[in-house]
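Here's the structure, in C-alpha cells; my notes come after.
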Amino acid sequence: MAEVGIGTAVVAYIEPHAGQEVAFNRWYERDHLYAAATAGPGCFAGARWVATRACKAVRPPDARWFGDPARGSFLTTLWILPDAQAEWDAWTAAQMGKLGREGDRMFAGRDHLQTGAYRFVGEARAPGGTSAATALDHPFAGLIAIAVPSGAGAACADALVGEHVPVTAVLAHERVIMAEAEAPAHDLVLGFTAGDPLVAWDARAIEVLATTPDVGFASPFLRTIPGTDTYVDEL
C-alpha cells in the first residue's frame, strides 16, 4: 500500500514580544497558520508547540545555535510533500505580499529566532509507533527538539526513541527563511512524546544529551490547544 511521505519540512521557532503573547497566539493559530502556511501547495500537515517556563528551564544553557535559550516560546512544524518545497515557497511569498497589503493580516510583534526549510532524512520508531508522516496529526502531547551537527541526527534519533518517545523524525537543514542567530549546518531531531514532554525529557533526553557531543539546541515543547490560550500565561 502506498503511503504519503515527507519530502521537506518548515520549522518556525518564534518569540512574541513582551505583552503581545496572547495576541500573537490568536493571530498565528486563527489566521497565519492557515493563510500563509498549511493552505500552500504540497503542505499536508501542520502543528504548533509551546515552551512554557518549565520547558525553558531545562534547556542546556550552552546550546545557543538558535539564540538565547531563555527565549523561544512557539514552534511550528509543517510537512511538505516530496518535490513541492519550491512551489510552496513561491506560493508563500506571494501570499505574504497579499496579506501585507490587507493591513492587519501580518503581526509585527514577534521575532523569528530560527525559521528554516529542512530535508526529511529519516525516522526511528518504537515498536507500534506511528510514522513520522502522521505524527503531526497524531494526538502526541508534546515533542523534544534537538539540534546536532550535520550527519549526527540519525544516531541521536535512535537514542531518543523508546517508550516515552515513540517516533522521531530527522531533518537536515537546507535553508534559512528568517533567523536572528546564524546556526551552523545541522540536523534537527524531533521526538514526539506520548505523554508530558517534561517526563519524557527526564526519562530519555537527559541521557541522550549527556552522550551526544556538540548539541546546539535542545528543548521540550507542549502541543498547543487550538482555539484556546492555554499555556500562554506560563511563558
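What to note about this one:
- Annotation: of all residues in region 35-53 being assigned to a loop (DSSP other than H, G, I, E, B) and among the aliphatic types (A, V, I, L, M), the one that is farthest from the chain's Cα centre (by Cα) is ALA39.
- Looking only at region 73-87, residues that are touching a residue at least 12 places away in the same chain (Cβ under 8 Å), surrounded by fewer than 24 Cβ atoms within 10 Å (Cβ to Cβ) and not in a strand (DSSP E or B) come to 6 in all.
- Taken together, the residues in region 207-232 that are without any contact (Cβ under 8 Å) to a residue 60 or more places away in the chain and in a helix (DSSP H, G or I) amount to 3.
- Answer from GLY142, GLY109, GLY151 - the residue that is buried (at least 20 other Cβ atoms within 10 Å of the Cβ) and of a type in the set (Gly, Ala, Ser): GLY142
- Filter pass, VAL170 being in contact (Cβ under 8 Å) with a residue 12 or more places away in the chain, crowded, with 24+ Cβ neighbours inside 10 Å and outside any strand (DSSP E or B): no
- Any hit, region 123-137, residues being surrounded by 19 or more Cβ atoms within 10 Å (Cβ to Cβ) and part of a strand (DSSP E or B): yes
- Flag for ARG101 being touching a helix residue (DSSP H, G or I) at 6+ places or on another chain (Cβ under 8 Å) and farther than 22 Å from PHE44 by Cβ: no
Every number here is computed from the coordinates shown, using simple stated rules; none is lab data. Everything numeric in this text was worked out from a predicted model, so none of it was measured. All Cβ positions, glycine included, derive from the backbone under ideal geometry; neighbour counts span all protein chains shown.
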